[in-house]
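To start, I am sharing the structure in question, which I have written as structure tokens.
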Amino acid sequence: MSFNRKDLLGLEHLDKKEIQTIIDAAKPFKNMFTRSIKKAPALIGKTVVTLFCEPSTRTRTSFEIAAKRLSADVVSIAPKTSSFVKGESLVDTAKTLEAMKADIIIIRHTCAGAPELLAKNLNASIVNAGDGFHEHPTQGLLDLYTMYDKKKKIEGLKVLLVGDILHSRVARSNIWALTKFGAKVRVVGPPTLIPKRISELGVEVYYDLDEAIKDVDVVNILRIQMERQQGGFFPSIHEYNELYQVTEKRLAKAKPDVLIMHPGPMNRGIEIDSEVADSPASVINEQVTNGIAVRMAVLHLLALARNKQGRKHTC
Ligand code: CP
């Protein structure tokens, strides 16, 4: 087994073997979901805290279900009702949780680097559940798992990421993982929503969706992040729809067995046509199910690494 890390902060610095270890560890957890009792004892006696400083439906619920299925004690912190509102710093809040013997803290934050800051200051294991525009490693892992599950290989797959690449931590984590496994990654979107130096990450850049979608195996559609669009990155939603909405007509140019993916939450009728979202090619709900298995694998591997390193609480 090739995973011996204290924290999971991103996919950029994981090597292919470490990512493969997580994917392989997720498979038996996924098989467990068909049993009447979906529980394993791997995290008995461990305390897992979710600290989400940005809204989330999928990731927070998925981590909480994952930790509970592994028999951990799970606590959720909501910033609005915590001492953040009294001015307590993120590190002080996290240290308080560690003093309560939290073993693993799962954090989502608007600031890129917030998980790394906690990792440097705490003995508890830190999991990045999405930090600013930086990374969303478990989303990248569950996307990779879903592609592998459906296509039985990643090497050589043509994978298209569509939309708001600039603000997307999901795009970055997908790119890091997929390129390590030899996929041919394309990105497409309005020039204002494509980072200037993105091709340095080994991806092909397109601005025309009808060109970019030709012969692809997977289309991963990113959410237009309305909450981050103050900069006027495109003239109107109507124009975005015309040029970049993934429709049945456009999909006809991809491979006949193309997979449709979306990390959620979806803006139906904006970046994705409703018929596409509900089509037989769509694996959007399977991504959600796979997310629990992948997060169980991450929590289990971090707990095993903690046991191996003999990590104890310092306070
Ligand atoms: N995919 C994703 O991160 O969704 P949430 O914002 O609902 O967690």
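Any idea how many residues of segment 58-85 are among the β-branched types (Val, Ile, Thr) and at pLDDT 95 or above?
The number of residues fulfilling the criteria is 5.
Step by step: first the residues of segment 124-152, then only those that are in contact with a helix residue (DSSP H, G or I) (Cβ under 8 Å, 6 or more places away or on another chain) and part of a loop (DSSP other than H, G, I, E, B), then the one that is nearest to residue 288 (Cα to Cα). Which residue is that?
136
Here is a check on your reading of the model: is residue 179 polar (S, T, N, Q), within 17 Å of residue 294 (Cβ to Cβ) and assigned by TED's automatic domain parsing to the domain that holds residue 251?
no
If you go through segment 237-269 one residue at a time, how many are closer than 29 Å to residue 56 by Cα, away from the ligand (no atom under 16 Å from the Cβ) and touching a Leu at 6+ places or on another chain (Cβ under 9 Å)?
5
Let me ask another. Could you please give the count of residues in segment 134-185 that are open to solvent by 20 Å² or more (accessible area, probe 1.4 Å) and of a type in the set (A, V, I, L, M)?
Matching residues across segment 134-185 total 1.
Which residues, taken from segment 134-151, are among the polar types (S, T, N, Q) and more than 12 Å from the ligand (Cβ to nearest atom)?
Our first condition is that a residue be among the polar types (S, T, N, Q); within segment 134-151, this holds for 138-139, 146.
Once the filter is applied, which keeps residues that are among the polar types (S, T, N, Q) and more than 12 Å from the ligand (Cβ to nearest atom), segment 134-151 yields only 146.
Follow-up. If you scan segment 221-236, which residues turn out to be surrounded by fewer than 16 Cβ atoms within 10 Å (Cβ to Cβ) and either part of a loop (DSSP other than H, G, I, E, B) or away from the ligand (no atom under 16 Å from the Cβ) (or both)?
If the condition is that a residue be surrounded by fewer than 16 Cβ atoms within 10 Å (Cβ to Cβ) and either part of a loop (DSSP other than H, G, I, E, B) or away from the ligand (no atom under 16 Å from the Cβ) (or both), then 229, 230, 231, 232, 235, 236 are the ones that fit.
Let me ask something else. Out of segment 152-171, which residues are within 13 Å of the ligand (Cβ to nearest atom) and without any contact (Cβ under 8 Å) to a residue 12 or more places away in the chain?
Listed by number, the list is empty, since nothing qualifies.
Next up: Looking only at segment 53-69, count how many residues are within 8 Å of the ligand (Cβ to nearest atom) and either in contact (Cβ under 8 Å) with a residue 60 or more places away in the chain or not assigned by TED's automatic domain parsing to the domain that holds residue 82 (or both).
So the answer is 7.
Additional query: Buried (at least 24 other Cβ atoms within 10 Å of the Cβ) and either in the same structural domain as residue 202 (by TED's automatic domain parsing) or away from the ligand (no atom under 15 Å from the Cβ) (or both): is that true of residue 131 in this structure?
no
When residues of segment 258-305 are filtered for being part of a helix (DSSP H, G or I) and open to solvent by less than 40 Å² (accessible area, probe 1.4 Å), how many remain?
18
I would also like to ask the following. Looking at segment 49-63, which of its residues are over 15 Å from the mean Cα position of the chain (by Cα) and open to solvent by 30 Å² or more (accessible area, probe 1.4 Å)?
Listed by number, the list holds a single entry, 53.
Consider residue 241 carefully, then state whether it is among the polar types (S, T, N, Q) and open to solvent by 20 Å² or more (accessible area, probe 1.4 Å).
Yes: the conditions hold for residue 241.
Given the residues 44, 22, 37, which is the only one that is closer than 22 Å to residue 137 by Cα and either in contact with a helix residue (DSSP H, G or I) (Cβ under 7 Å, 6 or more places away or on another chain) or of a type in the set (Val, Ile, Thr) (or both)?
Every option except 22 fails the conditions.
Moving on. Just to verify a result, which residue in segment 96-128, among those that are β-branched (Val, Ile, Thr) and surrounded by fewer than 21 Cβ atoms within 10 Å (Cβ to Cβ), is nearest to residue 9 (Cα to Cα)?
110
The values are calculated or read from the model by the stated rules, or taken from the named source; none is laboratory data. Computed from a predicted model, the values in this text were never measured in an experiment. Cβ sites come from the backbone with ideal geometry, for glycine too, and all protein chains shown count toward neighbours. Side chains are part of the model used for accessible areas, which takes the heavy atoms of the whole protein and leaves out ligands, DNA and RNA. Shrake-Rupley method; radii C 1.70, N 1.55, O 1.52, S 1.80 Å.
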